[in-house]
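Everything below concerns the one structure shown next.
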Amino acid sequence: MISINQFITLAVAAATLLFASACGQSSSPALKVKVASLERCGATQPTIDLVKNTAKELGLDIDFQYVAITTPEQAKEHRHLGSPTIQINGLDIEPAARNADQFGIA
C-alpha cells in the first residue's frame, strides 16, 4: 500500500506525461524521463510502473532512465530532492523543486 504523498507523486507524474503529450512534446526525439531514488524507497517500482504504463497508454515514446542514488555526489548530480524524484526532459515534475539546491540521500 502506498501513502497519500506517494499517490500524489504518481498522479503528478501521469499528469505531466499527459501535459507533455498535449503540448506536442511527444514528437521526436523521445521524452527523456528519469526516475532517481534511494534503493530502499518503496515507492520506486510503483512510480516506474506508472510512468512506463502511462507513456504506453498515451502512445508516447520515452527514453526512460532509472538512477539509484547511493552517494551525496549522485544526489547533487541528479538533483535528487526526495525519493523518488521524477524528471521529464531534465525538469523535475514538481515545479517548486526546479530551483532547489539542497540535494541529499537522507
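Which of the residues that make up the range 45-60 are surrounded by 18 or more Cβ atoms within 10 Å (Cβ to Cβ) and modelled with pLDDT of 90 or more?
Passing the criteria: THR47, ILE48.
Which condition number in (1) polar (S, T, N, Q); (2) in contact with a His (Cβ under 8 Å, 6 or more places away or on another chain); (3) in a helix (DSSP H, G or I) is the one that THR54 fails?
Answer for THR54: the failing condition is (2).
Which count do you get for residues in the range 61-96 that are over 22 Å from ASP49 (Cβ atoms), among the aliphatic types (A, V, I, L, M) and crowded, with 18+ Cβ neighbours inside 10 Å?
1
Return the pair list, or none, for Cβ contacts closer than 8 Å from residues in the range 73-89 that are closer than 26 Å to ASP61 by Cβ to residues that are of a type in the set (Asp, Glu), at least 6 apart or on different chains.
Filtered contacts from the range 73-89: ARG79/ASP92; THR85/ASP92; ILE86/ASP92.
ALA75 is checked against (1) within 22 Å of ALA30 (Cα to Cα); (2) outside any loop (DSSP other than H, G, I, E, B); (3) touching a strand residue (DSSP E or B) at 6+ places or on another chain (Cβ under 7 Å) and fails just one. What number does that condition carry?
(1)
The values are calculated or read from the model by the stated rules, or taken from the named source; none is laboratory data. None of these values were measured; they are calculated from a predicted model. A quick note on method: Cβ atoms are made from the backbone with ideal geometry, for glycine too, and the neighbour counts reach across all protein chains shown.
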